[in-house]
Amino acid sequence: MFTRKPRSVTSNGQGNGIAMPNVHRRTFLKYAGMGTAILGVGSLAGCSSDDDDSAGVNFGSGDTSVLNYAFALEQLEAAFYIQVLTTPYAGISDVERDFFTDIRNHEIAHREFFRKALGGSAIQDLAVDFSTIDFTSRDKVLAVAKTFEDLGVAAYNGAGQFIDKADYLVLAGKIVSVEARHAALIRDLISNGTFASDADAQGLDFVKSPTEVFAAAGVYIKTPININTLPK
Amino acid sequence: MNLQNIFSVIEKADPEIYQRLDTRRDAMKQFRDIGRVLALSAIPMALGGMFKKAYGRAPADVLGVLNYALKLEYLEAEFYATAIAKPGLFPTDASRGAFTTIANHEAAHVELLKGAITGAGGTPDPKPTFDFSGGKGLDPFNDYPTLLIVAQAFEDTGVRAYKGKATVLQENPDVLTVALRIHSVEARHAAHLRYMRRNLPGALQPALKPWITNAANDVPLIQPVYAGEDNDVQATITITGIAADITKEDATEAFDEFLTEEQVLAIAGMFIKP
């Protein structure tokens, strides 16, 4: 399946006579990518047309796939809060409107950041489906907001380990704590004091894989997406 | 045994070794497994040095981060435990309840980190002796508004401290994930404490939000906690104005910044007896 790369051995240049194999991980990434591509063609050739795993928006591979994953979630969150403020529930207080405006703007900032950072590798704008959400109900809106924010925290917490480039991990860290702040506030608006009441016995927050995240969020995403290239 | 010999042995143990190394993370996992094969003769220090050079970090760095985190968790855990044990300090059951929730998390984090350090072959640093007056005459356990200020400072610092160390843990996915899961809990704590201070009877802070606006802060003593939070450029991309209506305030609120270890220890050091 894999073509073995001839191993080169070079001196490490320290003058101590210790030779260091030239194990460069980018090379292996490249080879792994080639292997995946070949596997992909092979598995597609063996697929019937109604079992086509290449259908839907493709997130790309490696760090691009993780950034596109975040981009997709930020698109979803931004669209939700835009709708909340376009059709606010009856009796929304000025304070709540201000909080929702802040959160909407944060999610738009995240969304546009990922769009720019990804450049030509960015996935398309996803169409959303909020038909199951009753935007006239404060309780329903807050419940969905809680779902989205907790899910966002869980998604970033789960994706961190799959990020290769350090700068991207730092950026994910800068964003996830803001999502956690949103989650805490939304929970406090539902029931004051529940900001972190679902941390586990070790005091740890949620963590979810992309598959688990899309199982929960998929109902709100109309555009067919393909998460097969995301880390499992 | 020189490194070439070691790699010969590794190749015998795992002929596909070089095909397996598709990421640094996988590399470290593979080498852990290989370590079991080679356990008969201690893997030379040179090997650790080579991995550090080839793959980024040595385990000592990870242990250092865990002990650094432990120091902050000791600080928080003792602070909250002292607060909730103090009769008459809290004005409401809800406020005492919030502190109890946080106290339980911080105590759990201390135990978790001690276990992780021991499990990784290290020794947890002992708990420092704390002085919650901050060397400035603060009296958090007799003055509720001061209690909230110190708590807010600790939580916002904790968030920034964990954030600053994520990349050191990158080669250890399990440890990284645990650190991220603590980090976001600290952020939830911070958000709630800011919300409590915003709504504090008699001392409302209507400008204080669960998120950090610019480097704004109403208490000069804890201003170092917010150093650099007014940054609005992320990965060379300017966030202010990135879309219509996105102000500098939005841009700085949307991204929490990290603090260096030196900055964090300067803040924590105010509360640690020498």
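Restricting the first residue to the range B:133-158 and requiring it to be open to solvent by less than 40 Å² (accessible area, probe 1.4 Å), which pairs with a second residue that is among the hydroxyl-bearing types (Ser, Thr, Tyr) meet a Cβ separation below 7 Å and a spacing of at least six or different chains?
B:140/B:146; B:141/B:82
What tally of residues in the range B:214-245 results from selecting those that are crowded, with 20+ Cβ neighbours inside 10 Å and assigned to a loop (DSSP other than H, G, I, E, B)?
Of the residues in the range B:214-245, 5 are crowded, with 20+ Cβ neighbours inside 10 Å and assigned to a loop (DSSP other than H, G, I, E, B).
Return the pair list, or none, for Cβ contacts closer than 8 Å from residues in the range A:109-122 that are more than 10 Å from chain B (Cβ to nearest Cβ) to residues that are at pLDDT 95 or above and open to solvent by 40 Å² or more (accessible area, probe 1.4 Å), at least 6 apart or on different chains.
Taking only residues 6 or more apart or on different chains, the pairs are A:118/A:64; A:121/A:64; A:122/A:115.
I'd like the full set of residues that are closer than 17 Å to residue B:241 by Cβ and either surrounded by fewer than 19 Cβ atoms within 10 Å (Cβ to Cβ) or touching a strand residue (DSSP E or B) at 6+ places or on another chain (Cβ under 7 Å) (or both), limited to the range A:80-114.
A:101, A:113
Identify all residues within the range B:159-174 that are open to solvent by less than 30 Å² (accessible area, probe 1.4 Å) and among the acidic types (Asp, Glu); write none if there are none.
B:171, the sole residue that qualifies.
For the range A:208-217, what are the residues that are open to solvent by 30 Å² or more (accessible area, probe 1.4 Å), in a helix (DSSP H, G or I) and not polar (S, T, N, Q)?
A:212, A:215, A:216 - these are the residues of the range A:208-217 that are open to solvent by 30 Å² or more (accessible area, probe 1.4 Å), in a helix (DSSP H, G or I) and not polar (S, T, N, Q).
Of all residues in the range B:116-133, which are at pLDDT 95 or above and not charged (D, E, K, R)?
If we filter the range B:116-133 for residues that are at pLDDT 95 or above, which is where we start, we get B:124-133.
Scanning the range B:116-133 gives B:124, B:126, B:128, B:129, B:130, B:132, B:133.
Output the number of residues of the range B:189-218 satisfying the condition of being at pLDDT 95 or above, farther than 17 Å from residue B:150 by Cβ and either more than 12 Å from chain A (Cβ to nearest Cβ) or touching a His at 6+ places or on another chain (Cβ under 9 Å) (or both).
Summing the residues that are at pLDDT 95 or above, farther than 17 Å from residue B:150 by Cβ and either more than 12 Å from chain A (Cβ to nearest Cβ) or touching a His at 6+ places or on another chain (Cβ under 9 Å) (or both) in the range B:189-218 gives 5.
Looking at A:200, A:164, A:125, can you tell me which residue is part of a loop (DSSP other than H, G, I, E, B), surrounded by fewer than 17 Cβ atoms within 10 Å (Cβ to Cβ) and facing another protein chain (nearest Cβ under 7 Å)?
Going through A:200, A:164, A:125 in turn, the sole match is A:164.
In the range A:128-148, what residues are buried (at least 23 other Cβ atoms within 10 Å of the Cβ) and without any contact (Cβ under 8 Å) to a residue 60 or more places away in the chain?
Matches in the range A:128-148: A:141 only.
For the structure I just gave you, tell me whether residue B:182 is in a loop (DSSP other than H, G, I, E, B), open to solvent by less than 10 Å² (accessible area, probe 1.4 Å) and not basic (Lys, Arg). Break it down stepwise before answering.
Working: in a loop (DSSP other than H, G, I, E, B): no; open to solvent by less than 10 Å² (accessible area, probe 1.4 Å): yes; not basic (Lys, Arg): yes.
When the stated conditions are applied, residue B:182 does not pass them.
The values are calculated or read from the model by the stated rules, or taken from the named source; none is laboratory data. Note that the structure is a prediction, hence the values are computed from the model and not measured. A quick note on method: Cβ atoms are made from the backbone with ideal geometry, for glycine too, and the neighbour counts reach across all protein chains shown. Surface areas here come from the heavy atoms of the whole protein model, side chains and all, with no ligands, DNA or RNA. Shrake-Rupley method; radii C 1.70, N 1.55, O 1.52, S 1.80 Å.
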